[in-house]
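Data first, discussion second: the structure below is written as structure tokens.
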């Protein structure tokens, strides 16, 4: 495992911890999109079907379990927790997330590395992850006061994507046989979606003012 | 081919 990959996994982990911290200690999910969180839970459920079939390493198994548990518990908190659910910004979280699940599934049936159940679900999870952030970005744009933790959550999630691309570039030169075009192309699309957010995040950080995205 | 590569990323 190279440093970019490790740093990518760690920023991904930090993003989840930041979100859980906000939900668990502040008991608030204001500014957090439930739709995006539901999509991530689906992404991990579909991708980690191989959890008990295909063993890679202890690190891999533990991280998969962490991402599965954290994504489902975040959804649970936002839907079921007495206090947290009241802070959910339902009126602004209006992205029709169900309508992006089906196209991703169709795309996975058409473009996959092999036409087997697990491979199709893997491709589906890759396509879905690429667009899962959209409801969150839309919600951020509609939120007047983006709190620091929500901004940091999206920032770390975006950093994870950028680091994964550097990891693929590194792997391309060090392990030329290791190529997953599906995840590379979907990963680049996903990272581009963050570009706008990153631009405003860095400006607000440089000028030391509160993050606000233009409508 | 890429199809035979094991998937070791998260």
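Laboratory data are not the source of any read-out in this text; all were calculated from the coordinates shown. All values derive from a computational prediction rather than experimental measurement. Virtual Cβ from ideal backbone geometry, glycine too; neighbours counted across all protein chains shown.
Numerical summary
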read-out	value
Cα-based helix-to-principal-axis angle, A:117-131 vs chain A, degrees rounded to 10	40
Of A:60, A:167, A:145, the one that fluctuates the most in a GNM where chain A has Cα springs shorter than 10 Å	A:60
Contour minus Cα-Cα distance for residue A:79 and residue A:118 (0.36 nm per residue)	11.1 nm
Inter-label distance, nm, simple model (7 Å from Cα along the C-beta direction), residue A:92/residue A:205	2.1
Contact order relative to length of the stretch A:1-142, as percent, for alpha carbon pairs under 8 angstrom and 6 or more apart	35
Residues of the stretch A:1-26 with amide N under 16 Å of a point placed 7 Å along Cα→Cβ from residue A:169	A:2-8
Using alpha-carbon coordinates, inclination of helix A:148-174 to the longest axis of chain A, degrees	20
On Cα atoms only, tilt of A:58-80 relative to the major axis of chain A in degrees	40
